[in-house]
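Every number in this text was worked out from the coordinates using simple rules, so none of it is lab data. Computed from a predicted model, the values in this text were never measured in an experiment. We place every Cβ from the backbone using ideal geometry, glycine too, and count neighbours over all the protein chains shown.
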Amino acid sequence: MRLGLQVPYWSWPDAPASIGPTFARIARDAEQAGMASLWVMDHFFQIPEIGPPDAEMLEAYTTLGFAAGVTSRIELGAMVTGVSYRHPGILAKTVTTLDVLSGGRAWLGIGAGWYEQEHRGLGVRFPLVAERFELLEETLQIVRQMWDGDDREYAGTHFHLERPLSSPPPVRRPPVLIGGGGERKTLRLAAQYADACNIFDLGADLIRRKFEVLAGHCADLGRDPREIRHTVLTRFPLTRTGGQTVPPLGETALSVAQALDRLGGLAEIGADTVILGMANDTDPGVFDLVAELVEQAADL
């Protein structure tokens, strides 16, 4: 099993001045601990599960570019970009730029989006859900075409690109991760277009069902589901003994042994990658524990 880190919270003491140095340290520590990937949310307002909308929130791709400059190996992505935020040609160019400057470490994480409040707040159109899924499929087609080096005209229902040119090409074609567990549309698109799918930690029974639905879509399309990384986004603080309640969300910390048991359960139902959010990712010594977890989880 591979482990990644998601950083969704930026309201650290002395923010905003502290945000750059603190995040740089987290990124370097995650890489040093052996984590495979580093993810940030692609939101403009903080989401309700983490804090109020006016809590600190950074633009994702600028943040990932900053992370690329302070690391050398860890892979980088947004968990996940809402399809309505950026025109697909510009999104492909943005992710390509991140990939080129990071030496081939970029992912494209993408989904249909959901956070209406930030759209309205910033004056971004928020289409109805059916249209958002149409936009998502066309975006997936466009980025694939651009990363294939095909600059012929793209004429879709929603997007028309006269010459979808992308130069330079990416160092590594960015893998595509589709986030969300919608069984009829999201997982069908993942089966058709994605290199990875991401499911929230909904509990073993629901995650297993989502993976089974994905496999069914793959069978319909004639694709081997083993070609798609099965990732789960979960959250728990990590401490030496476990059991502590950790602010700001009041989550209960796990020890390395307890976390390994949690990861083992996810591996048993088909997860091969876990993206971890830790409320205590700024605590001294926490990445020493992460390194232990990464080493032991590698055999799951």
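So GLU183 ticks every box in (1) farther than 27 Å from ALA271 by Cβ; (2) touching a helix residue (DSSP H, G or I) at 6+ places or on another chain (Cβ under 9 Å); (3) among the charged types (D, E, K, R) but one. Which box is left unticked?
That leaves (1) as the condition not met.
Test GLY51 against the stated conditions and say whether it is surrounded by fewer than 20 Cβ atoms within 10 Å (Cβ to Cβ) and touching a residue at least 12 places away in the same chain (Cβ under 8 Å).
Considered against the rule, which asks whether it is surrounded by fewer than 20 Cβ atoms within 10 Å (Cβ to Cβ) and touching a residue at least 12 places away in the same chain (Cβ under 8 Å), GLY51 comes out as yes.
Working carefully through the options GLU137, GLU153, GLU162, find the one that is charged (D, E, K, R), in contact (Cβ under 8 Å) with a residue 40 or more places away in the chain and more than 21 Å from ILE275 (Cα to Cα).
GLU137
Quick check on region 21-38. Is at least one of its residues part of a strand (DSSP E or B) and not small (Gly, Ala, Ser)?
yes
Suppose the filter is surrounded by fewer than 21 Cβ atoms within 10 Å (Cβ to Cβ), out of contact with any Cys (no Cβ under 9 Å at 6 or more places or on another chain) and farther than 19 Å from ASP99 by Cα; does PHE45 pass it?
yes
Is there a residue being part of a helix (DSSP H, G or I) and in contact with a helix residue (DSSP H, G or I) (Cβ under 7 Å, 6 or more places away or on another chain) anywhere in region 159-172?
Within region 159-172, not a single residue is part of a helix (DSSP H, G or I) and in contact with a helix residue (DSSP H, G or I) (Cβ under 7 Å, 6 or more places away or on another chain).
Within region 124-140, how many residues are over 16 Å from TRP107 (Cα atoms), assigned to a helix (DSSP H, G or I) and of a type outside the set (A, V, I, L, M, F, W, C)?
Qualifying residue count for the region: 5.
For region 54-84, how many residues meet the condition of being part of a helix (DSSP H, G or I) and either touching a strand residue (DSSP E or B) at 6+ places or on another chain (Cβ under 8 Å) or crowded, with 23+ Cβ neighbours inside 10 Å (or both)?
Qualifying residue count, region 54-84: 6.
Could you say which residue among GLN6, GLN46 is assigned to a loop (DSSP other than H, G, I, E, B) and among the polar types (S, T, N, Q)?
GLN46
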